[in-house]
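A quick write-up on the structure given underneath.
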Amino acid sequence: MNYFGKDLATLHDDLLNKKITVVDLVQQTFDNIDKTDPKIDAFLALNKEAALKKAAEIDAAGVDADNVLSGIPLAIKDNIVTKGLTTTAASKMLENFKPIYDATVVEKLAALGTVNVGKTNMDEFAMGGSTENSAFKITKNAWDQDRVPGGSSGGSAAAVASGQVIAALGSDTGGSIRQPAAFNGIVGMKPTYGRISRWGLIAFASSLDEIGPMTRTVKDNATLLSALAGHDDHDLTSSTQEVPDFAAELNDTTSVKGMKIGLPTEFLGEGVDEGVKAAILAAADKYRELGATVEEVSLPHNKYGVAAYYIIASSEASSNLQRFDGIRYGYRADDVTNLEDVYVKSRSEGFGDEVKRRIMLGTFSLSAGFYDAYFKKAAQVRTLIIDDFKAVLKDHDFIMGPVTPTTAFKIGDEISDPMTMYMNDILTIPVNLAGLPGLSLPAGQVAGLPVGMQLIGRPFDESTLYKAGYAFEQATDYHNQTPSLGGQA
C-alpha cells in the first residue's frame, strides 16, 4: 500500500488503525528518499538511526489518537538547530557543527511525536533565492530538474513536492518559504513576525526572520502552524497572542463568501510574466464565484521594498554573522600566523560569495558616514510600506497576488546577476518588512511549471488566510497536480 501523498489526517487514521506502523512509515520514507533524492538533492543530512529508534518507541507506546502529528516523519531546514545532528546552514563555516540543544520548534514537534528524518539543503545562511548558494550541493526543482527549486528553503520545498516527506520546516526572511513553495507547487506559510519562536534558528536578519511550515495542503499547513506557534521565554520577540486551532476552522468552504479582497495593481505590473498574471486573474475570478469581492488597490511604496530590504537585512546580517570568527566554533583556516589571520582567512574561506557580499553591504550601510543616508532611510521606507498595508487591510480582509513574477528559472541562468536575483523577491519582501502573515498556494501552471498565489493578511490573522486558501483549494484541483518524478502521489 502506498502511503505517500496522503494528508496528515488520513495518514494518522492509517497509523491508528494499524494499516501501517510508525517504523514501517519511517522506513518507507527513507527508502523513498534513497530512490528520489539522488535526482533532487534536497537533503544535506539524514537522521536514520535516531528516527527509526523514535518510531519504535512510538509504536511501543501507541500512536496518540488525539494528536494528528503523532508518528509523522518530517524534514527540517538546515538553519534550524537539532541536538546532535549536524546543522550547517549550508555553509562551509559550519560544516561539522553539531548543536548541543534543539530549537524550540524542534522540541515542540518532538513532544508531539513527529519524527525528524533529516536536514534539508538551502542557500548559505538563508541568503539567496535559488538554493544555488549552498556550499555543498544544488537542489533541483521537483517538476523540472534543470530548474531551481527556489530559495532559501529550496530543499524543504523540493522534498515535500517530490513526495519524500509529507511536510517540512522552512524559514522566511524575504520570501524564502513562499517563493520555493510557489516554484514547487506546494503550500507555504510565512506567519506573522513573532507568531513562532526563533530560538534555535541561525539568525540572518533578526527583525525579518520567521520559521514556517511547508506542506502539500492548506489544512496540513494549518495543523503544523498551531503546533509550532506560541510564546517562548527563550525568545522575547515571540508573541503572547492566543494560538487558534487553525485546522479546526477549515470545514466550511463557503467561509470566503462576503470577504473583501484587495488586488494591488503593483503586483500585476511591469516584469510579471503574462502567464503568471493570467493565473492570478483567474484565481480572482474564482474568488468572485465563491462569493467574495475582489477590487483593485494600490501599495505605492512596494517598488522601494527590495532596496530597503537589502539594506536592512544585510545590516542585520553583518551584525549577526560576526560571531563566526574561527575561534569559538565553526571553520578555522590553516596556515595562520596571528589573530588577524584567524579572522580574515577563516571568514574569507568559510563564507561563500553571496554571504560576503551581504556582510560588506551591511557593514557599509551601518558605517558612521553612511548610516543616515542608507540604513536610516531604509527604515523610514519600511514604515511607509507598513502604512500602505495598514491602509489597504483596514478595508479588506486580505490581499492577493502572485508570489513571484515568473515560474522557476533554469539553474545557472541568474546566479551571476545579483540584481536580477534580488528583484525576483519584489512581491514577497514587503510582507517581511511589514511583519505580516503571507500564505503561498498553487494557483495554476505555465508551460508545466507551478504558479504560486500569495495571500497577505492582518497581523496574527493567519486564520483568514487559511480559510481563504482552503476555499480556493477545495474549488480547484491544483494541489492534486504533482510532478511525475517519484510517482508517490
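The values are calculated or read from the model by the stated rules, or taken from the named source; none is laboratory data. In this text the structure is predicted, and so the values were computed from the model without any measurement. Neighbour counts run over all protein chains shown; Cβ positions are idealised from the backbone, glycine included. Note: accessible area is taken over every heavy atom of the protein model, side chains too, but ligands, DNA and RNA are not part of it. Shrake-Rupley method; radii C 1.70, N 1.55, O 1.52, S 1.80 Å.
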ask   = If you count the DSSP beta bridges with both ends in the chain, what percent of them are antiparallel, to the nearest 5?
value = 70 percent
task = Using a 10 Å cut-off on Cβ atoms, rank the peptides 207-214, 402-409 from the highest mean neighbour count down.
result = 207-214, 402-409
message = I want to check the label-to-label distance for Ala111 and Ala307. Put each point 7 Å from Cα in the C-beta direction and report it in nm to one decimal.
response = 4.6 nm
remark   = Rounded to one decimal in nm, the spacing of the 7 Å Cα→Cβ label points at Gln474 and Ala282 is 2.2 nm
request  = Assign one of three labels to the range 432-482, namely rounded, prolate or oblate, based on the Cα gyration tensor with a ≥ b ≥ c the square roots of its eigenvalues; rounded applies when a/c is under 1.5, prolate when it is not and a/b is larger than b/c, and oblate otherwise.
outcome  = oblate
ask   = Under 13 Å from the Cα of Lys345, which aspartates and glutamates turn up, not counting those fewer than eight places away in the same chain?
value = Asp325, Asp334, Asp335
ask   = For Lys92, what is the net charge nearby, where nearby means another residue's Cβ is under 10 Å from its Cβ and Lys, Arg count +1, Asp, Glu -1?
value = -3
note = Total charge of the residues flanking Leu74 in space, meaning their Cβ is under 15 Å from its Cβ, with Lys and Arg +1 and Asp and Glu -1, is +2
remark   = Once Lys92 and Thr363 are pulled to full extension, the length gained, defined as 0.36 nm per residue separation minus their Cα-Cα distance, is 95.4 nm
task = Would you work out the relative contact order for the chain, in percent, from Cα pairs under 8 angstrom that are 6 or more residues apart?
result = 18 percent
note = For the range 1-148, percent of DSSP beta bridges that are antiparallel (nearest 5) comes out at 45 percent
ask   = Could you list, bin by bin from short to long, the percent of Cα-Cα pairs of the range 140-223 in 10 Å steps?
value = 21, 52, 24, 2
Cross-link pairs Lys77/Lys140; Lys277/Lys390; Lys18/Lys54; Lys190/Lys257; Lys137/Lys219 - those with Cα-Cα distance over 22 Å = Lys277/Lys390; Lys190/Lys257; Lys137/Lys219
query = How high is the FRET efficiency from Asp387 to Val336, r the C-beta distance, R0 51 Å, rounded to 0.05?
reply = 0.55
ask   = Roughly how many percent of the accessible protein surface of the chain is carbon and sulfur, given a 1.4 Å probe and a whole-percent answer?
value = 50 percent
remark   = Computed over the chain, protein heavy atoms only, probe 1.4 angstrom, the accessible area per residue in square angstrom equals 37 Å²
FRET E, pair Asp24, Ser484, Förster distance 22 Å, beta-carbon r, rounded to 0.05 = 0.30
inquiry  = Kirkwood Rh and Cα-based Rg: tell me the resulting Rg over Rh for the range 179-229, rounded to two decimals.
reply    = 0.98
At most 10 other Cβ within 10 Å, DSSP loop - trypsin sites (Lys or Arg not before Pro), the range 248-330 = Arg328
ask   = Cα-based Rg of the range 294-336 per 2.2 N^0.38 Å, rounded to two decimals?
value = 2.10
Neighbour net charge for Leu25 - beta-carbon separation under 11 angstrom, K R +1, D E -1 = -2
remark   = Two pseudo-spin positions, 7 Å from Cα along C-beta at Lys377 and at Thr237, lie apart in nanometres by 2.5 nm
